[in-house]
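Each remark here refers to the structure printed beneath this line.
The values are calculated or read from the model by the stated rules, or taken from the named source; none is laboratory data. As the structure is a prediction and not an experimental result, all values here were calculated from the model. Quick reminder, even Gly has a Cβ in these numbers, built from the backbone with ideal geometry, and neighbours come from all protein chains shown. To get the accessible areas, we keep the full protein, side chains included, count just its heavy atoms, and leave off ligands, DNA and RNA. Shrake-Rupley method; radii C 1.70, N 1.55, O 1.52, S 1.80 Å.
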Amino acid sequence: MSNSLSSELLTGIAHKYGTPVYIYDTEKISSQYHSLTNEFSDQSVRFFYACKALTNISILKHIHALGASFDCSSINEVKLARYAGIPAEKILYTSNSIAFSEIEEAQKEGVHINIDSLSNLEKFGKKFGNSYPVGIRLRPNIMAGGNINISTGHAKSKFGIPIEKIDEVIDLVEQYNLNIAVLHVHTGSEISDVGLYMKGVHVLLDLAQKFPTVHTLDLGGGFKVPYEEGDTRTDIHLLAEEIRNAFDLAKQNTGREYKIWFEPGKYMVSECGYFVVSVTVLKETAATTFAGVDSGFNHLIRPMFYGSYHHIENLSNPGDEKKKYSVVGNICETDTFAWEREIAEIREGDLLVFRNAGAYGMEMASNFNSRFKPAEVMVKDGKPQLIRKRDTLEDLLKNQVI
Ligand code: LLP
């Protein structure tokens, strides 16, 4: 895989700030964003970065400076985005299974809101009537995405209002004179098949006809990026073309035009991220040679939680002969990052780097086993800057009432 940050730079950062450390290349984030905006430059499209992927304030500020908007999945993400200086108009709160009080808070903040249940829609109607435009998240009953754990639009998914309930939605809209501005779907993460993505788009285009006030169709996120050699990436050029055709046709047939929103998470920040760890222990066994590292699923849970592949390289000994290693963490439970993976010969003390660590890496980290969360470093204009300090014992104790 091509390196955009050099091994020397990653090694230097690891030596300066210690390991484990997350490192983000802001240039890569910029180029990902621009590749989206370029492909959609002739359409009325806004990109709301799904900040659940990575919420470090410095990263939010960088993405804000690019001109992006922000999709949030909790009221705290909304508050972090506001803290980062992002205006309310550029923030969208797409909630699921939340207490109505969070929606009230979001309304007070003045951000866009997508509601994903009939009960919250009714509460919203009772409290706000048509005074505040609102979006509805629908569940299109489409299976899409890398695997079942990251699929959200299928018929057993908790997300969104199932489309078979559309008459109940319309009843509520009429009863409370709701101003439905946006219809939303997000069918899953890592959707490489543009045809499948378009299925969700067509569901929205059909249903939008039932909502005269709708001016925007929010198509969610879910663009795939490659994680391993030979892996696919969503063809954004083709997607832009298909979307252009579908919306043109809808305009011809219905006379209606819509603005388009997207909510990319992984596409924006997966490839910008490098997670560097140190090898603490080598252990040869009959089954495999373990390379134990100073991290675990407390820092990068994707391999254990979703069976995700993260490419691993030996930064300290890159040219040496490849051998098979099982890379494991130091957590007091099974935590295997990779089983029997070919990696250039590993010695204790070597630095290993995990690729594609920007999205849902640090963001899903915890303090399990009372370990510290890693430091985060951002590389901007070629210069590394610390954007989050490693935890200390005080962090583990700070909320305990002793
Ligand atoms: N919009 C909504 C409403 C979402 O729920 C999500 C992700 C996104 C946008 C962004 O999706 P993306 O472009 O990143 O695929 N932790 C999992 C991914 C879970 C995605 C949850 N929702 C992983 O590490 O694979």
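Remarks
- Qualifying positions in the range 61-71 - out of contact with any helix residue (DSSP H, G or I) (no Cβ under 7 Å at 6 or more places or on another chain) and in a helix (DSSP H, G or I): LYS61, HIS64, ALA65
- Filtering LYS158, LYS165 for residues that are touching a helix residue (DSSP H, G or I) at 6+ places or on another chain (Cβ under 8 Å), at pLDDT below 95 and either assigned to a strand (DSSP E or B) or surrounded by fewer than 22 Cβ atoms within 10 Å (Cβ to Cβ) (or both) leaves a single hit, LYS165.
- Qualifying residue in the range 151-161 (condition: at positive phi and touching a residue at least 24 places away in the same chain (Cβ under 8 Å)): yes
- Qualifying residue in the range 39-60 (condition: within 15 Å of the ligand (Cβ to nearest atom), among the polar types (S, T, N, Q) and part of a helix (DSSP H, G or I)): no
- Residues in the range 97-109 that are open to solvent by less than 40 Å² (accessible area, probe 1.4 Å) and under 20 Å from GLU263 (Cβ atoms): ILE98, ILE103, ALA106.
- The set of residues in the range 153-183 being within 16 Å of the ligand (Cβ to nearest atom) and of a type in the set (Gly, Ala, Ser) consists of GLY153, SER157, GLY160.
- When GLN32 is tested against (1) touching a residue at least 60 places away in the same chain (Cβ under 8 Å); (2) surrounded by fewer than 19 Cβ atoms within 10 Å (Cβ to Cβ), exactly one condition is not met: (2).
- For the range 275-298, the count of residues that are among the aromatic types (Phe, Trp, Tyr), within 16 Å of the ligand (Cβ to nearest atom), under 20 Å from LEU10 (Cα atoms) and buried (at least 19 other Cβ atoms within 10 Å of the Cβ) is nonzero.
- The one condition from (1) over 19 Å from the mean Cα position of the chain (by Cα); (2) open to solvent by 60 Å² or more (accessible area, probe 1.4 Å) that ASP235 does not meet is (1).
- Selection of the range 238-250 for residues being buried (at least 20 other Cβ atoms within 10 Å of the Cβ) and free of Cβ contacts under 8 Å to residues at least 60 places away in the same chain yields only ALA250.
- For the range 337-344, the count of residues that are modelled with pLDDT of 95 or more, open to solvent by less than 70 Å² (accessible area, probe 1.4 Å) and in contact with a Pro (Cβ under 6 Å, 6 or more places away or on another chain) is at least one.
- Residues located in the range 181-207, provided they are in contact with a helix residue (DSSP H, G or I) (Cβ under 6 Å, 6 or more places away or on another chain), part of a strand (DSSP E or B) and at pLDDT 90 or above: LEU183
- Residue check for GLU284: out of contact with any Leu (no Cβ under 8 Å at 6 or more places or on another chain) and acidic (Asp, Glu): yes
- Unmet criterion (only one of (1) touching a His at 6+ places or on another chain (Cβ under 7 Å); (2) of a type in the set (A, V, I, L, M, F, W, C); (3) under 30 Å from SER192 (Cα atoms); (4) open to solvent by less than 30 Å² (accessible area, probe 1.4 Å)) for MET143: (4)
- Where a residue in the range 378-395 is open to solvent by 80 Å² or more (accessible area, probe 1.4 Å) and its partner, wherever it lies, is outside any strand (DSSP E or B), with Cβ under 7 Å and at least six apart: ARG388/ASN56
- The residue that is nearest to the ligand (Cβ to nearest atom), among those in the range 190-209 that are open to solvent by 20 Å² or more (accessible area, probe 1.4 Å) and over 17 Å from ASN141 (Cβ atoms), is GLU190.
- Test: residue in the range 348-362 that is more than 23 Å from GLU8 (Cα to Cα), crowded, with 20+ Cβ neighbours inside 10 Å and not aliphatic (A, V, I, L, M): yes
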